[in-house]
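Below is one structure, written out as structure tokens, with a few remarks after it.
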Amino acid sequence: MLWTHRDITARPISTESTDIAALLIELETGPLLAISVYIPAKSDSEDSELNSRLDIIRRTIDTTRRNHDKRVEILIAGDFNRHDQFWGGDLVATSQRQGEGEPIIQLMSELDLQCPLPRGIETWISYNGEHSSTIDLILVTQELASEIQRCTTDSMAHGSDHLAICTEFAIDLTHEKGTPRKLWKKARWDPIRKVVAGELERRSQPDIPGDVDSYCQFVTECIAPAIEKYVPVARPSPYAKRWWTEDLTELRKHYTYWRNKASASRRANTPDPGLQQMAVTCRKRYHDAIRNQRKTHWQDFVAEARNIWTIARYLDPAQCATFARIPAIKTYEGVSTSNGEIARCLLEEFFKPPPGVTEEPEDERPREALPMEPLSEVEVQRAIFASNPYKAPGRDGLPAIVWQQLWPVLKHHIVALFKLSLETATLPSEWRVAKIVPLRKPNKPDYTVAKAYRPISLLATLGKSLEAVVAERLSFLAEAHRLLPKSHFGARKGRSTTQALTILQESIFQAWRDKRVLSLVSFDVKGAYNGVNIDVLAKRLRKRGIPNALVDWITCFCSQRKASVVVNGHTTETVDLPQAGLPQGSPLSPILFLFFNADLVSSKINRNKGAIAFIDDYTAWVTGASDGENTNLLQETVVAKAEQWARSSGATFEADKTAFIHFTRRNNTVSSSPLFVNEEAIRPQTEVKILGVVFDQKLRFSQHTARAAKRGIRAALALKRIKGMTVGTARQLFTSTVTPTVDYASPIWSTSLTGRTTKMLNQIQRIGTQAIIGAFRTVALIRAEMEAGIEQLTARMHRQEYKFWVKCHTLPVNHPWWKIRRGIDTKNKRFPSPLQRIAMQLDSVDLTEMERIDPFCIPPWQQGIEAQILEGEEAQKWAEDSDELKVFVDASYRGHNAGVGVYHSARRSDNSVVEHREAVKIGKNAGYTSTHVELTAIQAALELISAIWSPDTIARFGNKARDLTYVIVSDSQSAIRAVSRPSRQSGQAVIRLIVNTTMEIKRRGGPHIRLQWVPAHAMVVGDEIADELAKQATEGTLDPIPGLTLSAALKKTLSCIPKIKLEKPVDIDTALPGKHTKSIYDLQTYKRAAVLCQLRTGKCRLNSYLAKIGATNSDRCTCRGRQPETVRHFVFECPLWKEERKTLQEVAGNRWGDLSFFLGGRSEQRLPSGELLDGKAESWKPNLDVVNQTIEFAMATGRLC
């Protein structure tokens, strides 16, 4: 039964079942089809009750949509009486009834539906209260889902064992007036740069030295006229459609003309059937054209590679809902409805008055302040160009693209402004004003309360670049001087949540091996960034030795801040923020918070206790003989320390996010004694979520796997809804957006997968193959994965585990992971941990000589070597025409023998030419890469230059040496880029040596050094000589040398992943599994790929297969031969398709009848001599022209579509 308000226009829709009621509601935004359904409990193995009613729903929706010009949104509500972990939660995931709802999930996939109910919420509770489940569902289309304010059960009792479900939508019936915005992607930057350069010459710089506001205003005023003149302004229309064309406008005019003529004849009581028919014809032509144009526009959009990440955003419905309208907000005083009142409520929630601060005891002497290095141009440039060019700007409306494009004319002023700000410890007032955008927190049941939102501060982009510079310096000082606890993992280069969780997990397993219990408590700081007390932060920064100049600047950065709030397109007035804390959205905030809570996090990790932290998430544990003993120990040590830190910091822990658990596999009952945090009792739980992973008491991870499966299914279904992509694009989106939602921290839990949990995850693989190539559900999963070109689940998990293992071996020696690594005993089989299992699997891979990769290669204020990479022809012309002093280098890496060649020629004052040729033997090493050897070649060139310009030589030439430039010419772009922009990367040891050698030459007054790229084998004489010398250096027997690079180690380790083995070869394609499937599928559209997949797998719409699954009575073809309608019969023999087959016969050559050849597979057919027609497997490639013609033939018949 359905009820509607009397003010709503609605009409009933007839259905074929008394258990289904439908109503079409007419809204100003478009029609809405509401369906109420009841499905009886499952009565047979085929579940006919469910499938028949779902088919009725499909037909009802299809009929309604066909009868409407506008898109009809769908709302389905009712008692489905089916269980699935997708909506039922973790308890269903491990029950026997898991999977009952698979047909419902299939319906959601087909109709682009979502279930907004919180996962696991109880919708049915038995009268005696002993049983409960989730069997009542709400299903809505994506556009409706983005408008949901609240979707949860209602607590009001109404006499039924089913709970009422309340779903509220914020459907706006009015059009928002578009706000003008700058079209930065259409800006004319060349004239803008000229105008700005002219303004800089015309205007005088600020007269008041040290006034950052005046200097900032000067820079802004210089660019304002050019921005105003050469950046177009958008003129948005609420009715604008990006797919609209002029042809549609003409068709609309044509239709309107004939419709008006027909209407006029009816009003005159002289109806003309001819006019009426013309109007109907024009109407149909107009709406057909709209549908075709929308389809064509979408197909063109998804066909462009640059749009792939825009498409990826459509895969996350929650991301779209994040920016939904903010409804009226409930308060203690009532309900705030106006935008101004809503903004006030949100500000009060975001910036609550902090608790008082108690003086913390001075338990240790402050560290001596580190020196402040001068600001360099290179670190400012790096920060500006690292910003997203078109990311939302602050109040000034200037995105980062402005400063990136104007860098050549403004760089000296920007650097001067930044230096002035740091030296005077002041900021321009505009940089301390934030435009706050409230965003929805995901998966909240009620968005009519202020705490369901989080603030994001949009700041001036130029100011954010300076914040990034300061953040990078703080990060470098923290790592170089070890200013932060080892157990802090957030906002630090080379550290991850998986590393932190590994340390916790290994501690749990070690406690079990020691016959102990590990008890853990996890804290979350309430309003972490906004609640930071600036005086406490400044004191702690000075305590840890941060330069005083930086501390003073940070104090100014956090003080006297202001903000406005954007609510539903309305921007409020700017107000003062008495306690602003750290702005969310600033690149500086994360690293500052690490210093703020460093004292809390600081703890040793050993067999008795430990702690890890990730920014504001803090987790600590103890081990003991029993859980009761651990509870007392946690209360006396961890909780007491946390409460003391909170009092001295002005911080508060969120009680509802504080987690407490005992990890044990003992069968006896766990103690229920609580912890008391701020006098609130925290009871031990059976599972806790730590850094995004659900840890249960026994570390089985079944709950986490179920939730990961739910996320993956949702993403895969979203991918399946996007039509028009090529197979290559769909596969890339599956790999880059679907699998990461599942694989997060997989080295922690993947070794715990069971048959049941693997089956849940394989649902994602199944939907993925359907989304990529349209594979039938009956195709064996392993075969579907091969056809779709996606990695098998177990292989992908192994890849994640092995990559994690190898990358951890590159961590610095002071990283806490190494202590865990040294404690792994592969011979101890008692309670083997995931890390121990990985170590056992890779026992044959020796990583003892692995290179170490530090968070920073060089200090951020230090510059790499100047480099120039020109286009191919331009670079070759430079090499031939330039008269600069050149040193050509090249490297050779053959048979694991590494050698480099160095060639230099120079003309003396008497016009004689002196040459230097050197073939340097590096050694034999299987762990090197070509880039590593190329870096060694650059170092060999620097050693030559250093020898030429020895201190004695420089003394003879005096200052003339500084005026010279030596160009090191290499044909390796990767090596040149690595040296010009050193970072956290492989080959740091060689890169540091190169940079230090260059600085030493410069320090003693030697020539300037530059790197130049030339294309390899382009007949550049010097490069060819260096290449020949490098090859000579690899000849003969070379001495082995130590060393293992990251990429070489990964290649060696990933080769240990077990290969896919088929029970028997696939007759149609003996090359499976193989990479050739990508070549035959990648450029196909979804429809073409689905046809090819049907033909290759045999699971298709031909009668031979339909008869097997009971979809038709006979397997015979309808042609006169009445033979079984197999794929071979369909492609080569059936007389019904003789005409369509002509083109296919023309391209067949002498391979007619070879089905493998036509379907892109490797054939087993042989020549009379006994040789295979397709030759050796290594050199074989499918004939794509024949494959495409086969698809064209099949589609022309219409038999498989």
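By how many nm would the segment from Trp189 to Glu680 grow when fully extended, if each residue of separation counts as 0.36 nm and the alpha-carbon distance is taken off?
Gain on stretching Trp189 to Glu680: 170.7 nm.
Between Ser673 and Val335, 0.36 nm times their residue separation minus their Cα-Cα distance comes to what?
Full extension of this stretch gives 117.6 nm more.
Mind giving me the FRET efficiency for Lys641 and Arg325? R0 is 41 Å, r the Cβ-Cβ distance, nearest 0.05 is fine.
It comes out at approximately 0.40.
Leaving out same-chain residues fewer than 8 places away, which lysines sit with a Cα under 29 Å from that of Lys1142?
Candidates past the 8-residue exclusion: Lys1078, Lys1087, Lys1099, Lys1181.
Of all DSSP beta bridges located in the chain, what percent are antiparallel, nearest 5?
On the way: 92 of 120 bridges.
The antiparallel proportion sits near 75 percent.
Quick check: residue separation of Ala926 and Glu122 times 0.36 nm, minus the Cα distance between them. What number comes out in nm?
This chain segment gains 283.5 nm when fully extended.
If R₀ is 25 angstrom, what is the calculated FRET efficiency for the pair Leu1172 and Glu1139, using the beta carbon separation as r and rounding to 0.05?
Details: r = 34 Å, r/R0 = 1.34.
E(calc), rounded to 0.05, equals 0.15.
For segment 866-1053, what number of Lys pairs, 8 or more residues apart or on separate chains, have alpha-carbon atoms under 16 Å from each other?
Close lysine pairs under the 16 Å cut-off: 4.
Counting pairs of alpha carbon atoms under 8 Å apart in space and at least six apart in sequence, what relative contact order in percent does the chain give?
8
Zone of Thr18 (label point 7 Å along Cα→Cβ, backbone N under 16 Å): which residues in segment 36-62?
Zone members listed by number: 37-40.
Say each of His287 and Ala480 gets a label point 7 Å from the Cα, pointing the same way as Cα to Cβ; how far apart are those two points in nm?
7.0
Roughly what would the spin-label model give for Phe385 and Glu1028, points 7 Å off Cα along C-beta, in nm?
3.7
Arrange Tyr893, Tyr257 by Cβ neighbour counts within 10 Å, fewest through most, would you? Don't jump to the answer; show the numbers that get you there.
Working: Tyr893 20, Tyr257 13.
Arranged by neighbour count, lowest to highest, Tyr893, Tyr257 become Tyr257, Tyr893.
So for Ile782, Ile722, fewest C-beta neighbours within 10 Å to most, what's the order?
Ile782, Ile722
So how many Lys-Lys pairs in segment 702-841 land under 20 Å Cα to Cα, not counting same-chain pairs under 8 apart?
On the way: Lys710/Lys720; Lys710/Lys759; Lys720/Lys759; Lys803/Lys819; Lys807/Lys819; Lys819/Lys827; Lys819/Lys829.
For segment 702-841, qualifying lysine pairs total 7.
With charges only on Cβ, +1 for K and R and -1 for D and E, what is the dipole size of segment 246-303 about its Cα centre, in debye, rounded to 20?
300
For the ranges 493-502, 445-454, what's the packing order if you count other beta-carbon atoms within 10 Å of each residue, average per peptide, and put the highest first?
Ranked by mean Cβ neighbours within 10 Å, highest first: 493-502, 445-454.
Mean separation of Cα pairs under 8 Å and 6+ residues apart, divided by the residue count of segment 439-564: what relative contact order is that in percent?
On the way: 46 pairs, mean separation 17.8, N = 126.
That works out to 14 percent.
Of all chymotrypsin sites (Phe, Trp or Tyr not before Pro) in segment 57-157, which ones are in loop regions per DSSP and have a Cβ with at most 14 other Cβ atoms within 10 Å?
Those satisfying the criteria are Tyr127.
Note down the nm distance, to one decimal, between modelled labels 7 Å out along Cα→Cβ at Asp55 and at Lys803.
Using points 7 Å along Cα→Cβ, the separation is 4.5 nm.
Suppose R0 equals 25 Å; then what is the FRET efficiency for Asn828 and Thr794 from their Cβ-Cβ distance, rounded to the nearest 0.05?
About 0.50, to the nearest 0.05.
FYI, it's all coordinate maths here, none of it is from the lab. Please read all numbers here as calculations on a predicted model, not as lab measurements. Here the Cβ is made from the backbone with ideal geometry for all residues, glycine too, and neighbour counts use every protein chain on show.
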